[in-house]
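What follows is calculated from the coordinates using simple rules that are stated; it is not laboratory data. Computed from a predicted structure; not experimentally measured. No Cβ is skipped: glycine too gets one built from the backbone with ideal geometry, and neighbour counts run over all protein chains shown.
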Amino acid sequence: MNKFAIIADGSCDLNEKYQKDYDIRIIPGHINYPDQQDAPFILKWENSERDAFYKALSKNPDGFSTAPPNIEEFKRVFTEYAEKGEDVLCITISGGISGACGFATQAKNEVVKSYPNARIVIVDSLRFSAGHGLLVILAAKLRASGHNIDQVAAYLEENKNRIHQCGWLDDLSFVAKKGRLTHSKAFFGKLAGVKPIGEFDYNGLTTVIGKVKGAKKAYSVLLNYMENTIVNASEQTIFIAQTSRYPQAEKYKEMIMERFHPKEVIINDVFPSCGINIGPGLMAAYYIGTPISKGLIEEKALLERIISETA
Amino acid sequence: MKNKKINGIQFEKMVRNGLENLRRHEDEVNKLNVFPVPDGDTGINMRLTLESGVKYAKQNEVLAHYLKPLSEGMLLGARGNSGVILSQFFKGMQLELARCVVAGPGELRNALIRGYRTAYASVIKPVEGTILTVTREGIEHIRGQINRATAIEDLLSMYIAEMKKTLNYTPELLPVLKEAGVIDSGAQGFIYIVEGMLGWLCGDVLSESKEPENRKPAAMKQLDFSAFNENSKFSDGYCTEFILQLMRDGSYIQLFDVDRYIEDLKHYGNSLVVVRDGSRVKVHIHTLRPEKVIALSRQFGEFLTFKLENMQLQHNEVIKAQNEEKKLPHKELATVAVVSGEGMKQLFEELGCDVVIHCADTMNASAQEFVDAFNRIDADAIVVFPNNKNVILAAQQAQQLHGGRNIHILPSRSVAEGYFAMAMDIPDNDLAYRISNMKNGLRNVTTLAQTTASRDCSYNDLSCRAGDEIVMKNGELFTVDKDWLEGIISALRLTPDIDDMETCVIFCGEEAAEEDRDALTERLEEEFPLLEAELLEGGQRHYRWIIGLS
């Protein structure tokens, strides 16, 4: 029996189309705007809305905040499935940057007390945004191909550390302020003209593993890095997440298509729940590759070599 | 009668007069700056440097004892290239005269030679046609004419005359001077100092236009007595100052001989100054035995005023104050940067700069400011961004004064270079990697700075009139236009490899209005769509825009 529900919190940035196509249930989190408490949670918008949102965010970063779904909200959804006797695989945003995974686990423990037969499996994605989304879609695809909940969960646990983030985050002030970065806070202001290359570390936090002056050089460094870390490129669907960097993402997509010929490259939006904590400067590809080393030691050395070799 | 010898007190008066003469010509020296930007600061920098020495040094009859603190004060207070060279010149003199109670013509000649040689040695690439040439030729051309009978006045007159000859010749040696139609500003400033010094000997005493800061000990009420307690070690003695009224009365010894009195006082302490004014004698002495000083003095009269201060207390206080300012938490790598403009200060702080040396007007940080910054920092390595080619020397001087423990000076010539270098740092990595990353950031940066010309000038086959909008490229006049925006656009067009450049960081100056910013970004997008231009709030003076291209 492989009928089980796949649930994710809103950080996965998967819009209605994905939710429908892959049968994914989203538990929205909470967002506050400067003029609106608990604003409606959205996973869909037009280009103009995106631009307006990030413009407003840049002007008043402190006016925006987010919170993950609380225990009660997870509980309610889990209970719904428990009552139906349906198993649940819940994939959350990285525990390194959010409390969602802890809340989901507590909710599960409480639900299991009332429904001893309920089967709820929580997986910490160790990723956010499209990285998180990519894992959720992989899970859905495995389910569709007949794998059961344990097989899917085991696959995710085994492979989540192979989801790479290859891109830049050219305004680190947001991640630094919200503590969503491994580095000390003091160091990162807005960096004009310099592109910090961000990768996920072992614990699911973003770490700057190199810096490149100028976008043109950054693109070629990124592609070389991807070439060295991606596995079976031609079989993959690669996501590009961008906050307010759509033109750059399109350029990046073209280059990736040309160089690696993957099945598909999808430019995905970063909606407010993640965007508020990342800021407008993210443009990164997410794909399955080599396992990420502890402390990113190998990745740092690789990037250092690539940067010195790229003119 | 002319002087055959000068002592410490005379030399101090000469230096003060030299300083005053420089002050009076400061603006003129500033305006001699080669480039037509209104940040000419040679005069200010030389004055601040000399002033720092004068403030630091206490009067002392022994020439060597006066020169040592004078030179130290100048080394610490040195600002700009001209200031550093001036301070090194005095350091050379001090080294030569280190054993001299007084100096005669021969000693002075040797000191002037040692002075210019020390100055040459301090500059990595000495440039002829500057203060260096003038001080060298000034003494080398007359050294044969100086003998034991030469009066100090005559020596200095000849020295000045020779220096002036060379000064007028500096445009021939240095093409930038010739093109600009000026003589070298630093050399001119130096001559004003020596002229002032000679002036004092000849009776041309200039009154001080600005009262130097009172460095006398603070009043009692500000003292913190907790700095000296029953466990303290008393080693510094008392700073003792009094005015003694000599008395005719029979109970006092009538025959007061000031020279004898000075000799006697010398047994009890140092930093001695005795000035007799009619029947009053003013005395300053640092002594461990004030009772002896009192007993000796009361043989001749009674005190009009008397002040006795525990110098240990002041000393401890200074140490305490220093320690309080010092403590920055320990770091592996700390950075120091020099900027001008509130916005710049904030930008560098946001980048993680530990100590930002903020110059209010022009970029002229002193060696002392660097040393203070180094003292506040507790780090395994310090990286310094001078951000101006005229500040690099002061930073290097500070590095030496401080002892140079793992201090790395990355010679950024503009804030744009410093900004890119700092932005390239990646913390949480080993020191060598971080420093090399910052060095990489410094490379291939072109800096354009836009301002309004303050006077007519020609340079590099270009000429501009006061009021023209000019763009400097890496410190050299590059384009001249009636309109600042057109000037920038043509400067960008003329920049080699502009097509390969893709980042453009623009620091908006104090005078950059909101509508100017919009106009600039719009034009840039039109003309250079591939250039990613970002505006940052610099708030600097003088330059409406500073543009870093890479």
- prompt: Cross-link partners among lysines for residue A:251, C-alpha distance below 22 Å, same-chain residues fewer than 8 apart left out?
  reply: A:55, A:195, A:211, A:213, A:216, A:217, A:263
- prompt: Among A:255, A:310, A:22, whose Cα lies farthest out toward the positive end of the dipole of chain A, if unit charges sit on the beta carbon of Lys, Arg (+1) and Asp, Glu (-1)?
  reply: A:310
message: Please rank A:114, B:412, B:297, B:87, fewest neighbouring Cβ atoms within 10 Å first, as an exposure proxy.
response: A:114, B:297, B:412, B:87
statement: Listed by chain and number, the residues whose amide H is under 5 Å from that of residue B:100, excluding neighbours fewer than 5 places away on the same chain and using placed H, are B:64
message: If you take each beta carbon of peptide A:206-213 and count the beta carbons of other chains within 10 angstrom, what is the mean?
response: 4
field: Degrees separating the helix A:246-260 axis from the principal Cα axis of chain A, which is the longest one
entry: 90 degrees
Hz values of 3J(HN,Hα) by residue in the stretch A:193-200 - Karplus curve (6.51, -1.76, 1.60), Gly and Pro given as x: x, 10, 10, x, 8, x, 10, 6
- prompt: Hey, what number do you get for the protein assembly as shown at 222 nm if only DSSP H runs of n ≥ 4 count, each worth -39500 (n - 2.57), divided across all residues, to the nearest 500?
  reply: -14000 deg cm²/dmol
- prompt: Rounded to a whole number, what is D in µm²/s for the stretch B:56-169 from Stokes-Einstein with the Kirkwood radius over alpha-carbon pairs (37 °C, 0.692 mPa s)?
  reply: 227 µm²/s
Shielding by partners - mean other protein chain Cβ count within 10 Å, residues of B:416-429: 5
task: Could you pull out every one of the lysines with an alpha carbon less than 19 Å from that of residue B:307, ignoring same-chain neighbours closer than 8 positions?
output: B:58, B:216, B:221, B:266, B:282, B:292
query: Please state the equivalent ellipsoid semi-axes for the protein assembly as shown: what are the square roots of 5 times the Cα gyration tensor eigenvalues, largest first, in whole Å?
result: 70, 34, 21
task: Over the Cα atoms of chain A, compute the convex hull volume and normalise it per residue, giving Å³.
output: 124 Å³
statement: Given backbone amide H placed at 1.01 Å from N, residues whose amide H is under 5 Å from that of residue A:126, ignoring those fewer than 5 places away on the same chain, are A:94, A:95
statement: Given pairs A:3/A:113; B:68/B:165; A:253/A:300; B:31/B:165 and cut-off 28 Å on Cα-Cα distance, the over-length ones are B:68/B:165
- prompt: Sorted from fewest to most neighbouring beta carbons within 10 Å, what does the list B:499, B:456, A:9 look like?
  reply: B:499, B:456, A:9
query: Against the longest alpha carbon principal axis of chain B, how many degrees, from 0 to 90 and to the nearest 10, is the axis of helix B:131-140 turned?
result: 40 degrees
field: For the stretch B:298-306, 3J(HN,Hα) per residue [Karplus equation, 6.51 cos²θ - 1.76 cosθ + 1.60, θ = phi - 60°, Hz, x = Gly/Pro]
entry: 6, 5, 10, x, 10, 7, 7, 9, 8
Local electrostatic count at residue A:241 - Lys and Arg +1, Asp and Glu -1, tallied over other residues with Cβ under 9 Å: -2
query: What is the mean projected area of the alpha carbon convex hull for the stretch B:327-441, to one decimal in square nanometres?
result: 6.2 nm²
task: Quantify how strongly other chains surround peptide B:439-450 by giving the mean number of their Cβ atoms within 10 Å of each of its Cβ atoms.
output: 1
message: Would the stretch A:161-309 count as rounded, prolate or oblate if I go by the C-alpha gyration tensor, calling it rounded below 1.5 in a/c and otherwise prolate when a/b exceeds b/c, oblate otherwise?
response: rounded
D (Stokes-Einstein, µm²/s), Kirkwood Cα radius, the stretch B:228-316, 1.306 mPa s at 10 °C: 116 µm²/s
- request: With everything on Cα atoms, drop me the angle between helix A:129-144 and the longest principal axis of chain A, reported from 0 to 90° to the nearest 10.
  value: 50 degrees
